[in-house]
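Heads up, the thing below is written out as structure tokens.
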Amino acid sequence: MNKMDNESTRPRPVSNGMEKIVSLAKRRGFIYPGSEIYGGLSGFWDYGPLGIALKRNIENLWWRTFVEDRDDMYGVDAAIIMHREAWKASGHVGGFSDPMVECKKCKRRFRLPVASATQAGADQGGEKCPECGGSFGDVRQFNMMFKTHVGATEDESSVSYLRPETAGGIFVNFKNIVDSFHPKLPFGIAQIGKAFRNEIAPRDFVFRTREFGQMEIEYFVRPDEWERWFVTWREEVFMFFDSIGIARDSIHESEIGHGDRAHYSKRTIDFEFDFPFGRKELCGLAYRTDFDLRAHAKTSGVELSVVIDDATGEKIVPHVIEPSFGVDRAIFALLVSAYTEDELNGEVRTYLKFNPAVAPIKAAVFPLLKNKPELVAKAREIYTGLKKTVPQILWDDNGNIGKRYRRQDEIGTPVCITVDFQTLEDDTVTVRDRDTGKQERVQISGLERQIGVK
Ligand code: GAP
């Protein structure tokens, strides 16, 4: 391998400004405002081609790590709309609410504590409406579940809800999993899917939205072993984030006090991340005791227990440790972690330093010149061959080579492969590394290894 001409990089102080990330996400096809041509819909975002590729990569890695690579985990994909009694049993109909105030003058509603207009997102307390300066009415509780009706009749008997957490679909399938697979404790049930919350104040890009993805595990354990498993899952959370490129030292644990925990939890740790607007929850770990299984058993009249001694048939209601990951917050944290600015050959450049495992595009293939049919044909041949083993590969022949590099840098493509005249002579190509800008000549036969699939 010969060293080729290399671009020289100089790190610049990085500004992880929110606007830069939101703008890059839109410009390059990661995340768009929902219903944008109608002026948008607050709290809803759409994923574009690169965003969905990034999301799938994260979800697939999560599923692989926590379901496929283990023997104690069972996956489910439950319906989003469940029997309304399930949400009464879980306490969500009665208690899944946020405190809210309404401005007496402009009638706008705010979640407490009210963020001031100038410090939106800073969670500052305020007694006046940040929009019009009017005074507030009494504090009221606002239930965040989206209500709907099942069937043609729209009355109280047909009311149901879009799930506010994927966990609900796991608990109602506990008996199915036990009956089908007879698992021994400890074991877990995992689910990836959408959750819906009619947030009073959605904000901060995909941080607080009304429709979002969750990746959740309910891990069932013997009651006297919960502390041990809580510690184990705490470590698993860090390891997973590390594996997708969110460094351990950028995540901060916050022990949630008694009064601030969800109604079902006896212990909760929030894992917080330094988002551009402040340090906020990225994911959570909760000890839900036997609250949910007992509540569902009582309301449904169906026993929810597991045999712990085959000889005697002794059964218990297991306790639960719940690691709960938000898909969109993980994507946001990943974009923040990956966003890098430096100087390359004296020019400022922006790139996303994605771990290749999550990068939406693993490699891009270019012919050096678009108007040389022999180069284009050779590059096409290489591209088509690689695409069989590396589906997340891109063809680019637009603009000059420098522009192509910048485009790929901005979407975080780890390597760019260029086919030039030497390729036609000796079956080598140049492979340029995103982070260093360095290029080396590589045999075509070694490309899969270079991209990391062999
Ligand atoms: N089953 C437990 C549960 O749902 P949570 O702390 O309410 O706990 C878990 O939510 C995770 O879901 C959060 O850590 C966050 O990543 C994500 N999440 C919650 N509400 C969200 C919202 N409105 N927008 C985006 N993500 C959200």
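The values are calculated or read from the model by the stated rules, or taken from the named source; none is laboratory data. Please read all numbers here as calculations on a predicted model, not as lab measurements. Don't worry about glycine lacking a Cβ; one is built from the backbone with ideal geometry, like all the others, and counts go over all protein chains shown.
Here are a few things to note about the model shown:
- Residue within the range 171-189 that is hydroxyl-bearing (S, T, Y) and buried (at least 19 other Cβ atoms within 10 Å of the Cβ) present: no
- Matching residues, the range 55-83, being of a type in the set (A, V, I, L, M) and either part of a strand (DSSP E or B) or in contact with a strand residue (DSSP E or B) (Cβ under 8 Å, 6 or more places away or on another chain) (or both): V67, M73, V76, A78, I80, I81, M82
- Considering the range 277-286, and only residues there that are under 21 Å from G213 (Cα atoms) and of a type outside the set (A, V, I, L, M, F, W, C), the residue that is farthest from the ligand (Cβ to nearest atom) turns out to be R279.
- With respect to the conditions (1) within 11 Å of the ligand (Cβ to nearest atom); (2) in contact with a His (Cβ under 7 Å, 6 or more places away or on another chain), F273 falls short on a single one, namely (2).
- Scanning the range 290-331 for residues that are within 16 Å of the ligand (Cβ to nearest atom) and part of a strand (DSSP E or B) gives H319, V320, I321, E322, P323, S324, F325, G326.
- Of everything listed in (1) on the phi > 0 side of the Ramachandran plot; (2) in contact with a strand residue (DSSP E or B) (Cβ under 6 Å, 6 or more places away or on another chain), the single unmet condition for V221 is (1).
- Matching residues in the range 347-378 - criterion: being without any contact (Cβ under 8 Å) to a residue 24 or more places away in the chain and among the small types (G, A, S): A377
- For the range 346-361, the criterion of being in contact with a Leu (Cβ under 9 Å, 6 or more places away or on another chain), within 16 Å of the ligand (Cβ to nearest atom) and over 23 Å from V419 (Cβ atoms) is satisfied by no residue at all.
- T423 vs. criteria part of a loop (DSSP other than H, G, I, E, B), among the β-branched types (V, I, T) and not assigned by TED's automatic domain parsing to the domain that holds I58: no
- Any hit, the range 402-414, residues being over 27 Å from I244 (Cα atoms) and buried (at least 21 other Cβ atoms within 10 Å of the Cβ): no
- Exactly one residue out of E410, E381 is without any contact (Cβ under 8 Å) to a residue 12 or more places away in the chain and among the acidic types (D, E): that is E381.
- Selected residue [among the hydrophobic types (A, V, I, L, M, F, W, C) and at pLDDT 95 or above] from V453, V390, V442: V442
- Among the conditions (1) out of contact with any His (no Cβ under 6 Å at 6 or more places or on another chain); (2) closer than 28 Å to I321 by Cβ, the only one that G40 does not satisfy is (2).
- Verdict on R288 being surrounded by 18 or more Cβ atoms within 10 Å (Cβ to Cβ) and of a type in the set (K, R): yes
- Flag if F238 is modelled with pLDDT of 95 or more, in contact with a helix residue (DSSP H, G or I) (Cβ under 7 Å, 6 or more places away or on another chain) and away from the ligand (no atom under 12 Å from the Cβ): yes
- Once the range 204-250 is narrowed to residues that are assigned to a strand (DSSP E or B) and of a type in the set (V, I, T), the residue that is surrounded by the fewest Cβ atoms within 10 Å (Cβ to Cβ) is V221.
- Here the condition is being modelled with pLDDT under 95 and over 24 Å from E59 (Cα atoms); of V429, V365, V419, V348, it holds for V348 alone.
- In the range 136-153, the residues that are part of a strand (DSSP E or B) and without any contact (Cβ under 8 Å) to a residue 24 or more places away in the chain: K147, H149
- For first residues located in the range 311-326 and at positive phi, partners that are away from the ligand (no atom under 12 Å from the Cβ) and lie 6+ apart or on another chain with Cβ distances below 7 Å form the pairs G313/V307.
- Selection from the range 154-164 of residues that are touching a residue at least 60 places away in the same chain (Cβ under 8 Å) and either surrounded by fewer than 19 Cβ atoms within 10 Å (Cβ to Cβ) or not in a loop (DSSP other than H, G, I, E, B) (or both): V159, S160, Y161, L162
- Some residue of the range 168-186 being in contact with an Asp or Glu (Cβ under 6 Å, 6 or more places away or on another chain) and in contact (Cβ under 8 Å) with a residue 12 or more places away in the chain: yes
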